Every structure is written in structure tokens, then in C-alpha cells.
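In what follows, a structure is listed as C-alpha cells, so that the remarks can point back to it.
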Amino acid sequence: MKQQAEASDPKEHSLSGSYPAEADLALVPPEPLGVALVVPAQQGPRFSPEAQLFIYTSAMWEEFIHEWARTLPYRKVRRFGGANDHGVDIAGFESAAGFGGEWDCFQCKHYANALMPTDAWPEIYKILRYAEAGYYSLPRTYYFMAPRGLGPSLEQMILRPGELKDAFLNVLGEGKVGTPNERAKVAAYAQMVDFSIFQSATPIELLQQHQKSPQHIVRFAVPLPFAPPPELPPSAPAADETNYLEQLFDVYTEKFGTSARTIEALVEHAKAHAHLRSQREYFYCAETFRIFYRDKVPSRTFENLQDQLHEGVKEIHDDDHSTGYDRLQKVLSASQQINLTTNALITVWQARDKKGICHQLANEDRLRWCQ
């Protein structure tokens, strides 16, 4: 069915010097990013990420390549599917011009064996046919993406673009792809094309780049790296510290009777000043944690961790306390006793991160010490 649909005359499309709107292609939306969860321990051998790629379906392989491409610095990345993809599985666009500007094509082939030249000829024919017809501009680079890579014959031709072109023209001359009317046009067009646009990427290279995707740990259940040591808080507080610091100054006014509303003014009260220094260090630990894992896990994972910690301390926070200082200390203590089981970030957070998240919640007015 797919071959029949792709063999239709590209002139059937409205060319007239313009390029197709995205709606003209079967656009497959990206999967929504969720929350990274802890994967239960499994008995028996664990498959490496590379081995997992071998047992994917074709659709899963395209999803993986789509995630991979979204880690690259394109203006936008789109996944196309179905019989009307016109030889484009995944496209990375450099500008708003889309197919009319510079773009790269990623052709996904999930076969049981490495790709051979006979696998490549129909795909090369397809991309040249539609580019010659004006359906889109010729891609800047065209990548063959296969979990088992390219076989030696095809890989060596890819590395010798002139040899690849000669072999493709020979295949056209033998009538092994396309129809007679199309082959003449494609052959003439191919003569003008620099065949160095055709490239490949190995599974190892793909996995190394995919580590930058927030879906990497979800897809392959690999351990998260530990966050680097946080920097010490600057002497002058940042703008995003305002709310939780104001709450701490309220605590010190109530507890110690100080009227200080700045860090400098609080220096005169040694105990309050030392306490404030510790709380700011906790806050910066949590901020380092949040920023470090922001692009390593799906978008709602850290917020989910905050929500779960908030639920864990909410009853103690809402209980009656003699002072705001007492409420603060008991909430910080309670944060250390929380035993979460699902969010993947619990595998890497530490005691100071938990205390810092309490101050992040205070910064958002989800916790308030003096009531």
C-alpha cells in the first residue's frame, strides 16, 4: 500500500513554485512528556540501551529518532508518518521556511539486519524524485537511521559519495527502481546532486546524543547522574529569593525580636544570621538540583517531587505551633522522614535538597511559617 501511494505523480500536488504546508503531510505529534518514575528492580539480565533498540517496533524506532532529533539545535522538528510521508520520516528545520529552507531528513529503517545498498536505492530515489518535482527543497543532509547500522557495502559507498552516485545511476539505468517516465527526470536531477548529503549514524552515536533528551531515563531505565555540588549563596540575595527570605525575616522578628529585614542588618544577631545562612544554603542546593535535572527528566518530574514533599509535610505545617520558628523547624525535620517510592528523582536527592524544596515551596507561598 505504501509503495503504491508513494509512486503517485508528485505533479498531482499543488507545486506552483511553493512548498507544502505541514497539514499536507501526515504529521505525527510528539508524545507528551510526563513524569519520570522509579522502575522496579527486575530479576535476570538487564538489556543495554543498544540491545533494547533491536527489539523495537518500527513505530517505536521512529519515536526514538524523533526524541533524538529534538535534542539537536533545530528551529523545529517534525515527525511524519503513513503513506503520504513523501520519503520523510523525521525532518529537522533550520528556519521558519520549513521545506523551503535548509532542512535535514532522517529516514528510519528498523530491519532485522544492517542496511544494504538494495535498501537504500528506493529511498534515495524517493527523496530525489520529490525534490526534482519541487515538492520540497533538497535536504541539506539525508541520514539513514537503522538500529543495526549500515552494512559494509553501503557504509563504504556513503563514505565515497562519487561511488554512491555512480552506483545509483547504474541502478536507474537498469530500471530497478521507479517508472520509465520518472527515471529519466530523476537521473538528470541526480547528476547535479552532491551525494555527500547522504550520511548515516551508528546506534552508539544516537544513544550518546539521546542522553540529552528528558525521555532518556524513562525510555531506557538508566540511573540518573548525581547533581554537582551547589555554589554557595551570593552575599547579595537574588531576585528569586525575595519571598522565602521575607518569611524568614518574619520568623526572626517573632522568635528573636529583631527588626532586621536585610541580610546585612541581621549580622548583628549571630544566632539568626547563622540560621539564615543555613536556610539559604538549603535553598541553593534545591535550586542546583532543579536546574541540573531540568533537561534530564520529563517536564513535570521535579514539580511532582515538590508536590509529593508538600503532601508529606502538609499536616505538620497546618498544625498549631507556638511560633513560626517552631513550625519551620518541624516541617524541615518532617521533610527528612518522607519516604517516597515512585518519582525517579528520589534516587538522587539528599537531605539538604529536601530542606531546600521546603523553602522553594515557601517561595511560592505554598508553605508559610508565621500565620
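Screening the candidates E281, E287 for the property of being among the acidic types (D, E), within 23 Å of A227 (Cβ to Cβ), crowded, with 21+ Cβ neighbours inside 10 Å and touching a residue at least 12 places away in the same chain (Cβ under 8 Å) yields one hit, E287.
In the stretch 129-151, the condition of being more than 23 Å from I204 (Cβ to Cβ), within 24 Å of the chain's Cα centre (by Cα) and touching a residue at least 12 places away in the same chain (Cβ under 8 Å) is met by at least one residue.
The condition of being loosely packed, with under 14 Cβ neighbours inside 10 Å, under 17 Å from L361 (Cβ atoms) and under 19 Å from the mean Cα position of the chain (by Cα) holds for E303. Filtering the stretch 177-203 to residues that are out of contact with any helix residue (DSSP H, G or I) (no Cβ under 7 Å at 6 or more places or on another chain) and either over 22 Å from E102 (Cβ atoms) or polar (S, T, N, Q) (or both) leaves T179, P180, N181, A184, A188, Q191, T202.
For every residue, the table says whether it meets (1) buried (at least 19 other Cβ atoms within 10 Å of the Cβ); (2) of a type outside the set (A, V, I, L, M); (3) part of a loop (DSSP other than H, G, I, E, B).
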site: F106; (1), (2), (3): yes, yes, no
site: N113; (1), (2), (3): no, yes, yes
site: T118; (1), (2), (3): no, yes, no
site: E123; (1), (2), (3): yes, yes, no
site: K126; (1), (2), (3): yes, yes, no
site: R129; (1), (2), (3): yes, yes, no
site: S137; (1), (2), (3): no, yes, yes
site: P147; (1), (2), (3): yes, yes, yes
site: S153; (1), (2), (3): no, yes, no
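All of R290, R280 fail the test of being outside any loop (DSSP other than H, G, I, E, B), closer than 17 Å to L328 by Cα and either touching a helix residue (DSSP H, G or I) at 6+ places or on another chain (Cβ under 7 Å) or at pLDDT 95 or above (or both), apart from R280.
Consider the stretch 190-208 and keep the residues that are among the hydroxyl-bearing types (S, T, Y) and not in a strand (DSSP E or B). The one that is farthest from E163 (Cα to Cα) is T202. Number of residues in the stretch 324-342 that are among the hydrophobic types (A, V, I, L, M, F, W, C) and under 21 Å from A272 (Cβ atoms): the value is 3. In the stretch 330-347, the residues that are at pLDDT 95 or above reach residues that are polar (S, T, N, Q) and assigned to a helix (DSSP H, G or I) with C-beta atoms within less than 9 angstrom, at least six apart or across chains, in these pairs: L332/Q279. Here T341 passes the criteria (1) part of a helix (DSSP H, G or I); (2) surrounded by fewer than 15 Cβ atoms within 10 Å (Cβ to Cβ); (3) among the β-branched types (V, I, T) except the one numbered (1).
All conditions in (1) more than 23 Å from A188 (Cβ to Cβ); (2) at pLDDT below 95; (3) crowded, with 18+ Cβ neighbours inside 10 Å hold for N84, with the sole exception of (3).
The values are calculated or read from the model by the stated rules, or taken from the named source; none is laboratory data. On a predicted model such as this, the values are computed, not experimentally measured, just so you know. All Cβ positions, even for glycine, are placed from backbone atoms using ideal geometry, and neighbour counts span all protein chains on display.
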